[in-house]
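Heads up: the structure comes next, in structure tokens.
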Amino acid sequence: MNRNELRQNAAALVADGKGILAADESTGTCTKRFVAKGVESTPENRRNYRNVLFTTEGMEEFISGVILYDETIRQASDEGTPFPQLLAAKGVLPGIKVDTGAKDLALHPGEKVTEGLDGLRERCEEYYALGARFAKWRAVIAIGEGLPSTYCLEANAHALARYAAICQENGLVPIVEPEVLMDGDHDIARSYEVTARAQQTLFRALFDHGCFLEGLLLKPSMVISGKNCAQRAGVEEVARETVRCLRNNVPASVPGIVFLSGGQSPQEASAHLDAMNRLGPHPWKLSFSYGRALQEPALDAWSKGIDDPKQKELAQKAFYARAKLNGAAARGAYSAELEKELVGAS
């Protein structure tokens, strides 16, 4: 384990005003999103779309890293430059999703455990050689009657810790992602309770596995009301409860926390991150690792004419604007006025 390399790359991923683009949708997930927009999901169309994002001029001002999928890390730009090299030339760290998805947890109906540990060491070696410098593994925690079980939390924390140790051994900064789902009618107090338990269980496992906390990042869900909650908490309450949960459960030696958007709208995700940063200073950087909340406007524009240069330009403007807005939120400098100015301009 090269601790200096891990520490430097982890810090680079949460540089001031920058965050991570999650472009690691599986083929199945990408297909669903393409089909919803009337676009055929072929390897070339997926490459075309990712190329639009990655070649956006100036994206590196606000994007520090990009999480790729196994297919994408092996693809290249229109000019033939492998995507990892294209990103690295911009000063953007290439990353890679290494889990193989959440599967049903045996004897625990309604709960999932993420798989992918078999062969992970060899995959990490290959991905590092392909240019990846960080990785991501997502655990899925559902809230419901009697859920989550202690066993579900422990099984997922154990997998996350094993993954993190293998990544660090092979030079990759692990992003550990214990996502507490928004699905359900639970209130913010219940969200806090489950998120706190998930973080406590995770960090016990990371300690037990000897993981280097200065060389990893946490990708948590925000403490937020369920989608179907009758009275959903507002932006300021979400920010306060999320920061309180992190302060109670996340060691200060972790250099950064990069939130997932978890089904929030692009505007909600930016507003919540901004409100949290306004509550600082914090012992760790608070930034973003967004997928849909960064890509949605760009995908919408691109899908209207995937071979149309004008639509490509509009998609890149939309992506740049969303990246800039989240970069501002990572500094506590986002506002409704900036949203109107940039989104109107895009």
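Scanning the stretch 178-197 turns up one or more residues that are within 28 Å of GLU71 (Cβ to Cβ), of a type in the set (D, E, K, R) and touching a Ser or Thr at 6+ places or on another chain (Cβ under 8 Å).
Only one of the listed residues (ARG7, ARG50) is closer than 21 Å to LEU172 by Cα and touching a helix residue (DSSP H, G or I) at 6+ places or on another chain (Cβ under 6 Å). That residue is ARG7. May I ask you to list pairs of residues, at least six apart or on different chains, whose Cβ atoms are under 9 Å apart, with the first in the stretch 71-82 being exposed (fewer than 14 other Cβ atoms within 10 Å of the Cβ) and the second being assigned to a loop (DSSP other than H, G, I, E, B) and among the basic types (Lys, Arg)? As it stands, the answer is none, since no pair meets every condition given. The residue of the stretch 18-53 that is farthest from the chain's Cα centre (by Cα), among those that are part of a loop (DSSP other than H, G, I, E, B) and crowded, with 21+ Cβ neighbours inside 10 Å, is LYS18. Checking each residue in the stretch 91-122 for being of a type in the set (Lys, Arg), out of contact with any Cys (no Cβ under 9 Å at 6 or more places or on another chain) and crowded, with 18+ Cβ neighbours inside 10 Å picks out only LYS97. Considering only residues that are in a strand (DSSP E or B) and β-branched (Val, Ile, Thr), which ones fall in the stretch 103-152? Selection gives VAL113, THR114, VAL140, ILE141.
Here is a yes/no grid of residues against (1) touching a Phe, Trp or Tyr at 6+ places or on another chain (Cβ under 8 Å); (2) farther than 27 Å from GLY131 by Cβ:
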| residue | (1), (2) |
| --- | --- |
| LEU160 | yes, no |
| LEU172 | yes, no |
| ILE188 | no, yes |
| LEU202 | no, yes |
| LEU216 | no, no |
| ILE224 | no, yes |
| LYS227 | no, yes |
| GLN231 | no, yes |
| VAL254 | yes, no |
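Among the residues making up the stretch 233-263, a single one is more than 29 Å from CYS211 (Cβ to Cβ) and either of a type in the set (Ser, Thr, Tyr) or free of Cβ contacts under 8 Å to residues at least 12 places away in the same chain (or both): GLY234. Counting the residues of the stretch 287-328 that are free of Cβ contacts under 8 Å to residues at least 60 places away in the same chain and of a type in the set (Gly, Ala, Ser) gives 5. Comparison of GLY171, GLY184 shows that the only residue that is in contact (Cβ under 8 Å) with a residue 24 or more places away in the chain, more than 17 Å from the chain's Cα centre (by Cα) and within 30 Å of ALA89 (Cα to Cα) is GLY171. When the helices (runs of 4 or more DSSP H) confined to the stretch 235-345 are screened for residues that are buried (at least 18 other Cβ atoms within 10 Å of the Cβ), those reaching at least 3 such residues are found at 235-249, 266-277, 292-303, 309-329. In the stretch 1-24, the residues that are modelled with pLDDT of 95 or more reach residues that are assigned to a helix (DSSP H, G or I) and among the basic types (Lys, Arg) with C-beta atoms within less than 8 angstrom, at least six apart or across chains, in these pairs: ALA23/ARG50.
The values are calculated or read from the model by the stated rules, or taken from the named source; none is laboratory data. Values in this document were obtained by computation on a predicted structure and should not be read as measured data. So basically every Cβ, Gly included, is an ideal-geometry build from the backbone, and we count neighbours across all protein chains shown.
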